[in-house]
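Structure first, commentary second.
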Amino acid sequence: MTPQPSSGGGSRRLLRQLRDLMQSGGQRQDRLDALVRLIADAMVAEVCSLYVMRAGEVLELFATRGLRREAVHRTRLRLGEGIVGEVASSGRPLALQDAQQHPNFAYRPETGEEVYHSMLGVPLLRDRQVIGVIAVQNKTRRAYDEEEVEALETVAMVLAEMIGGAGLIGEEEGRHTESLATLPARLSAITLNEGIGMGVAVPHERGIVIKQIVAENIEAEILRLDAALAEMQGALADMIERHDLDDEGEHVEVLETYRMFAEDRGWIERLREAIRGGLTAEAAVQRVQTDMRQRMNKVRDPYIRERYADLEDLGNRLLQHLSGGDMASAEALPQDAVLVARTLGPAELLDYDPQRLRAVALEEGSPTSHVAIIARALGIPMIGRCSELLSRVRPGDYMIVDGDAGQAMLRPRQSVRQSFLHTMEQRANRLAAQAAVRSLPSETRDGERITLLANAGLLADLEQLDDCGAEGIGLYRTEVPFMVRDSFPDIRTQSAIYSRILDMAGDRPVTFRTLDIGGDKALPYWSGGKDENPALGWRAIRIGLDRPAILRQQLRALVAAAGERHLRVKFPMVSEVSEFTQARDLLHMELERHLKGGGTAPSRLEIGVMLEVPALLWQLPALFPLVDFVSIGSNDLFQFLFAIDRGNPRLARRYDVLSPSLLSLLRSLAEQAGEHRVPLSLCGEMAGHPLEALALLGCGIKILSMPPGNLGGIRLMVRSLELAPLREYITYLSRLPNRSVRGHLRAYAGDHGIAI
């Protein structure tokens, strides 16, 4: 049976009843008891229970309708314990037809809940923190549908604000005392933008308090929303035009894409729909943000996650315009500031004075995020995925952000500060050395020529080709333009993008990788379903061959865009030679179709393959005669070879790319490619780090493709080494029984004066 809140009128009625109840007089417990009765009736549930997070990450049963009365304030669950604890731990709803069969089910005899089977639990989120859980239960094995889940989520959002504002939780509750709060600390992170910055910690405060949740006048709230949207869009245009940034570069397209998000019809319609459900404009923004955050938590692809982060940034700015508040004040920054935040949008970073901002540290974020691109344009060091950052840093703490090593130093001693000042001087000298060789050829001391290419995914990446000295694009990720749109781009749109890329590259080659989507990298407007293991699922060439219309349209656009120019295409995630031949035949079919229609043939057509799946390693004799080139995708190949999830922090340091087994494999690949005279390149993360790139050169791989910002360091390394003795040493290292030869290779570089 569909619950009452799933309909617009019923939802608004329940929200008003909850609001009136919490604002009424009387004892707190009486109001809570009435509250769970209201929700149980509306959800057609026999049980409704409210759990509140207490100090020490303990969930306490505050009120219930259906469970035994004596369990209230007596039943407690640790975070992660039981179904309720799991909901609180994950921050996501959980709907179960038979909760007692769930592996996390925790029986509490005082509650009497053994007679209830189905259960739906939803977290109470306030300021992005879980402050409690609301749960409903039924005796029957009931399958809660999507509308019921959404209805309880709306109720939970309202409850979170009401309960938080009603003082049910004391100021000291939910906070964890940090006994080491005054001592130095080191936090690990990842690099979003290289560099070192030192200064005073300044938390990024969004600071919007929603005072009214339930709408009194739906049409008036929609008008308020439309006015705030128009005001925000105008303010964004003014900010982008006036900010002190170069007129060209990747950041320009990022900001234009960001502004496009602000006008996204789907996002705006979701906001209006939430208002029609009975929420104020501010509460509607918060509800849509919560929905997006939950979807984001299910997605592992960093690019898609960061696009959601942009929308969250826009939601925060929209809340500012709705409330009449000001954005971050540049004058409020100290002279040397280190900005600290969970996440940050590109426009939010631009709210701060870059002359005073020395570095940025985030609990989340990725190198592909738009805010990281803006940080690179501004020259601000940035780190991300810094666990426990916000709980460990206090406003005013002195901080060092080491974007080179991916770490943050909190409250460092004076000796540590001096050491980092020395490191900053060394880094400045190294950058000067890289700049001095930027226009020189990438050639070793013994005359071996190394080809250095750039990876790209945005059109504006090509603006950096001259600055970084890249000889071409070794990997152009064609899926990126698909991800920033709200519908599948047609052939004409795709062709225009590819033609512009080739125009900007000029005489330099561009290698287009066909769509690498699927698994957890779904397009916003298309999904191939859920895979239990996305990395091993329906993705890349598998989708292209199963849905050939998608692949043929892309190949048709590439052929049309090339005209009489050089065209290089490679297919990703190929597991067997037959997959490559099928894809190659489709490309030849589209070329023949193009020529019959009066089109011109490319001056040169090269077709290659991404070597990422280990199965293909045993088919190389059959593959090499068929391809024009092979690109090693070391990221996927490494995780498949070692059977690891690269995103699993427990495994992050267990295996090393500089292991003898991987070096042996790469040496064998280079030897076989050389025998067949097939160019072999590598375009994964290994290519962009000097020590790893040194190993690749020693394995015989002489074409490296990497992020544009990494080319300077790799060129400097190449020009400082002799390749012949390095190859002999790598042969020796590849036969060792060690887990990693990183230390050996670093010592070799030091002994031979190689710049790493």
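The set of residues from segment 315-357 being basic (Lys, Arg) and at pLDDT below 80 comprises just one member, 317. List the pairs whose first member sits in segment 611-625 and is outside any helix (DSSP H, G or I), whose second member is surrounded by 15 or more Cβ atoms within 10 Å (Cβ to Cβ) and hydroxyl-bearing (Ser, Thr, Tyr), and whose Cβ atoms are under 8 Å apart, counting only residues at least 6 apart or on separate chains? Pairs that qualify, where the first residue is outside any helix (DSSP H, G or I) and the partner is surrounded by 15 or more Cβ atoms within 10 Å (Cβ to Cβ) and hydroxyl-bearing (Ser, Thr, Tyr), are 611/631; 613/575. Scan segment 553-570 for residues that are of a type in the set (A, V, I, L, M) and not in a helix (DSSP H, G or I) and jot them down. 567, 569 - these are the residues of segment 553-570 that are of a type in the set (A, V, I, L, M) and not in a helix (DSSP H, G or I). A residue that is under 30 Å from residue 456 (Cα atoms) and in contact with a Pro (Cβ under 9 Å, 6 or more places away or on another chain) can be found somewhere in segment 668-675. Residues in segment 132-148 that are at pLDDT 85 or above and either farther than 24 Å from residue 112 by Cα or buried (at least 19 other Cβ atoms within 10 Å of the Cβ) (or both): 132, 133, 134, 135, 136, 137, 138, 142, 144, 145, 148.
Note on segment 595-626: residues that are of a type in the set (Lys, Arg) and in contact with a strand residue (DSSP E or B) (Cβ under 7 Å, 6 or more places away or on another chain) amount to 1. Annotation: of all residues in segment 521-542 being surrounded by 20 or more Cβ atoms within 10 Å (Cβ to Cβ) and touching a helix residue (DSSP H, G or I) at 6+ places or on another chain (Cβ under 7 Å), the one that is modelled with the lowest pLDDT is 521. Would you confirm whether any residue within segment 560-581 is of a type in the set (S, T, N, Q) and over 29 Å from the mean Cα position of the chain (by Cα)? Yes.
Among what's in segment 674-696 and is among the aliphatic types (A, V, I, L, M) and more than 22 Å from residue 465 (Cα to Cα), pick the residue that is surrounded by the most Cβ atoms within 10 Å (Cβ to Cβ).
Restricting to residues being among the aliphatic types (A, V, I, L, M) and more than 22 Å from residue 465 (Cα to Cα), the top hit is 696.
Restricting to segment 78-110, count the residues that are of a type in the set (Lys, Arg) and either touching a residue at least 24 places away in the same chain (Cβ under 8 Å) or surrounded by 16 or more Cβ atoms within 10 Å (Cβ to Cβ) (or both).
Number of matching residues: 2.
Residues in segment 629-645 that are outside any helix (DSSP H, G or I) and over 12 Å from residue 580 (Cα atoms) were compared, and the one that is nearest to the chain's Cα centre (by Cα) is 645. If I ask for residues that are surrounded by 12 or more Cβ atoms within 10 Å (Cβ to Cβ) and in contact with a strand residue (DSSP E or B) (Cβ under 6 Å, 6 or more places away or on another chain), which ones from segment 424-451 would you list? Scanning segment 424-451 gives 424, 442, 443, 451.
Could you grab me the full set of residues in segment 467-487 that are modelled with pLDDT under 75 and polar (S, T, N, Q)?
Of everything in segment 467-487, just one residue is modelled with pLDDT under 75 and polar (S, T, N, Q), namely 487.
Within segment 350-363, the set of residues being acidic (Asp, Glu) and within 12 Å of residue 340 (Cβ to Cβ) comprises 363 only. Taking the conditions exactly as written (among the small types (Gly, Ala, Ser), in contact with an Asp or Glu (Cβ under 7 Å, 6 or more places away or on another chain), closer than 30 Å to residue 510 by Cβ and surrounded by 15 or more Cβ atoms within 10 Å (Cβ to Cβ)), does residue 403 satisfy them or not? Spelling it out, residue 403 is indeed among the small types (Gly, Ala, Ser), in contact with an Asp or Glu (Cβ under 7 Å, 6 or more places away or on another chain), closer than 30 Å to residue 510 by Cβ and surrounded by 15 or more Cβ atoms within 10 Å (Cβ to Cβ). If you go through segment 257-314 and keep only what is at pLDDT 65 or above and of a type in the set (S, T, N, Q), you end up with 280, 286, 289, 290, 294.
The values are calculated or read from the model by the stated rules, or taken from the named source; none is laboratory data. Bear in mind the structure is a predicted one, so any value in this text is a computation, not a measurement. Heads up, the Cβs are rebuilt from the backbone with ideal geometry, glycines too, and the neighbour counts pull from every protein chain shown.
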